[in-house]
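Please read the structure below before turning to the comments.
What follows is calculated from the coordinates using simple rules that are stated; it is not laboratory data. Quantities reported herein were computed from a predicted structural model and do not represent experimental measurements. Here Cβ is always computed from backbone atoms with ideal geometry, including for glycine, and neighbour counts include all displayed protein chains.
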Amino acid sequence: MDASGSHFPLPDIPDHLGRHSRSPIKRGINLRSCELHHPRLTELLDVLACTSADIQFYPFPGMSLERIGTLIGVPADRMTFAAGSDALIGVILDALGAAGGRMILQVPNYYGWSHYAMLRKLALTAIPIGLPNTTGVGFAELLGAAEKSEPSLVVVSNPNSPSGHLLMGHELQHLAHICSRHGHLLVVDECFAAFAPVNHFASLGQYDHIVLVRSYSKSLGLAGARIAVSITSRRIARILSAYRTESAVSGPALHLLERLLSRPQELESIWRDIV
């Protein structure tokens, strides 16, 4: 018993799950820091800066969902906002991962997936995808793990960072069929999808057991605004929305997201430069 005399059963958190730190980068054309830096984007953000009303009053995320859904071609009732992809990852693991208690993870991957899985004590199966520039390495192993496992979350990032691996449409559909057959939910982290020839919603949008995690930190340079969206079936979207992650999304973030998505030609030009 500690000095406070409390008997409350606090969880033990391993030291390696503590805070992570890094040094900021302020200029240049860059994705290395998981932030998008580009001089034309900087100019565009200065032009689209939010108004006082976006700061002074509570936002209405439901109205923004309708408008943003129209811009990206996704029904609003299949989307859920969150204040960054970390918030979405946590909710996906709470709402969906806890049901099966298992996760199959393509590695390397964003550390948040394994971090939050360990906090929630999910049984984690890591599937290495091999070295950079070795197309397809690890995909058979991923399929094999999905075929052998009891119902789990199957998580891939596409394109993968830092390896650069890209699963194409036919591979994604094959993986989706295997996951459906064995009762898995397939989660595709598409944070870098703007920089690759892939449209996950076109390939996977017809399936009910798919969750797409779309961060706008990289594609739109909104890392500081903290905004992301999940795209999934209406039933799963209803489950995720019950956690009210949209209540933490700020008015300035919604303002910037909607206005940037209204400038597709300028964004595509910036993405081509990054590629």
task: With a length cut of 24 Å (Cα positions projected on each helix's long axis) and a Kyte-Doolittle mean of at least 1.0, go through the chain and give me the DSSP H helices that pass.
output: none
task: Report, in cubic angstrom per residue, the convex hull volume of the C-alpha atoms of the range 61-154.
output: 136
query: Using the Kirkwood formula over every pair of different C-alpha atoms, what hydrodynamic radius in Å results for the chain?
result: 19.7
- prompt: What dipole magnitude, in Debye to the nearest 20, does the chain give about its Cα centre under +1 on Lys/Arg Cβ and -1 on Asp/Glu Cβ?
  reply: 80
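If Lys and Arg each add +1 and Asp and Glu each add -1, what is the summed charge of the other residues whose beta carbon sits under 13 Å from the beta carbon of residue 208?
Details: positive: 78, 234, 235, 238; negative: none.
Result for the local shell: +4.
For every other residue with a beta carbon closer than 15 angstrom to the beta carbon of residue 100, add +1 if it is Lys or Arg and -1 if Asp or Glu, then tell me the sum.
After counting each charged neighbour, the total is +2.
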message: Test of understanding: ordering 201, 57 by Cβ neighbours within 10 Å, fewest first, what list do you get?
response: 57, 201
message: From Cα pairs below 8 angstrom and at least 6 apart in sequence, can you work out the relative contact order of the range 54-212, rounded to a whole percent?
response: 17
- prompt: Taking the Cβ of residue 235 as the center, what net charge do the other residues with Cβ under 11 Å away carry, scoring Lys and Arg +1 and Asp and Glu -1?
  reply: +1
- prompt: In percent, what relative contact order does the chain have, based on Cα pairs under 8 Å that are 6 or more apart in sequence?
  reply: 25
message: Starting from 0.36 nm per residue, how many nanometres of slack lie between residue 239 and residue 99 once their C-alpha separation is accounted for?
response: 49.2 nm
field: Residue-averaged 222 nm ellipticity for the chain, from DSSP H runs of 4+ at -39500 (n - 2.57), nearest 500
entry: -10500 deg cm²/dmol
query: Among 144, 213, 182, whose Cα lies farthest out toward the positive end of the dipole of the range 121-218, if unit charges sit on the beta carbon of Lys, Arg (+1) and Asp, Glu (-1)?
result: 213
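How much length, in nm to one decimal, is gained on full extension between residue 199 and residue 119, taken as 0.36 nm per residue of separation minus their Cα-Cα distance? Walk me through the numbers on the way to the answer.
On the way: separation 80, 0.36 × 80 = 28.80 nm, distance 3.16 nm.
Length gained, residue 199 through residue 119: 25.6 nm.
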